[in-house]
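A quick write-up on the structure given underneath.
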Amino acid sequence: MKPHSANRQHFLQLLLLSLVLLTAQNCASSRYSRLAQLDREIIAVAQWGGTAVADSHKTHEIKVITLHHGGEEYKGDKPTPEYLVNLQNWSRTEKKWIDIPYHFLIDLEGKIYAGRALRYPGDTNTAYDPAGHALICVLGNYEIQYPSKRQREAVIDLFTWLCWRYQISPETIKGHKDVAEGTVCPGENLYVYLTTGELKKETTRRLQRLQARHVDDEQAK
């Protein structure tokens with residue numbers, strides 16, 4: 001091989017390596033920014049017309065994440081804020097709960113709404129203790145409906161955000177039916193993304209990228 005050919009090949013290899021490293025760094029930076037963006041995108045209780053819970057209830061520490069569905073078919077014929085106001089009123093008047101039973105709710109468009117404050121454990125109609133669980137509900141009945149890509153992305157965003165914020169493993173992520181008997185929640189068509197490992201794997205990938213970016217930031221200080 002001629003010297004100039006060897007030099008050119010070496011240059012191309014270095015260029016390719018630089019592009020790979022730059023792409024990985026940009027991905028990590030993108031995910032890091034996504035967490036900050038998600039903080040701003042979550043629709044607060046006051047924004048959708050709900051009322052907050054008084055600070056006089058038993059609190060808990062988030063240790064695991066549990067995925068639910070609403071359990072009733074929801075086609076978006078009623079605006080999500082109106083639907084959530086009705087759910088909050090029903091939760092308080094009919095069920096005598098302090099609030100909506102879930103900490104986050106995801107609508108058909110993948111928009112994320114804040115529900116019960118995370119410092120308070122959720123509620124359930126089934127026989128398990130929700131203390132320590134961060135409860136995510138995808139509105140709809142996923143025994144008969146199918147989650148959209150936007151909804152699945154919103155679920156992964158929340159999984160990543162919660163795991164990062166509370167320093168918990170994606171392996172703690174379960175479906176409602178994994179922790180309580182006698183329920184099909186979160187519905188077979190949503191649960192399949194847990195059984196295939198797709199949601200956990202993508203959450204893990206995003207957390208690894210975030211960790212890499214975090215280490216780089218610490219070293220740069």
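Residues checked against (1) over 21 Å from residue 55 (Cβ atoms); (2) touching a Pro at 6+ places or on another chain (Cβ under 9 Å); (3) not in a loop (DSSP other than H, G, I, E, B):
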residue: 91; (1), (2), (3): no, yes, yes
residue: 119; (1), (2), (3): no, no, no
residue: 137; (1), (2), (3): yes, yes, yes
residue: 154; (1), (2), (3): yes, no, yes
residue: 157; (1), (2), (3): yes, no, yes
residue: 165; (1), (2), (3): no, no, yes
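Scanning region 149-178 for residues that are aliphatic (A, V, I, L, M) and in contact with a Ser or Thr (Cβ under 6 Å, 6 or more places away or on another chain) returns a single hit, 156. Give all pairs with beta carbons closer than 9 Å in which a residue from region 82-97 that is modelled with pLDDT of 95 or more and of a type in the set (Asp, Glu) meets a residue that is in a helix (DSSP H, G or I) and surrounded by 12 or more Cβ atoms within 10 Å (Cβ to Cβ); count only pairs at least 6 apart in sequence or on separate chains. Between residues of region 82-97 that are modelled with pLDDT of 95 or more and of a type in the set (Asp, Glu) and residues that are in a helix (DSSP H, G or I) and surrounded by 12 or more Cβ atoms within 10 Å (Cβ to Cβ), the close pairs are 82/48. Among the numbered conditions (1) loosely packed, with under 15 Cβ neighbours inside 10 Å; (2) at pLDDT 75 or above; (3) within 24 Å of residue 133 (Cα to Cα), the only one that residue 45 does not meet is (1). Give the residues of region 57-85 that are surrounded by fewer than 19 Cβ atoms within 10 Å (Cβ to Cβ), within 23 Å of residue 143 (Cα to Cα) and not charged (D, E, K, R), sorted by residue number. Hits for region 57-85 are 74, 76, 79.
The values are calculated or read from the model by the stated rules, or taken from the named source; none is laboratory data. Keep in mind that this is a model prediction, so the values were computed, not measured. Don't worry about glycine lacking a Cβ; one is built from the backbone with ideal geometry, like all the others, and counts go over all protein chains shown.
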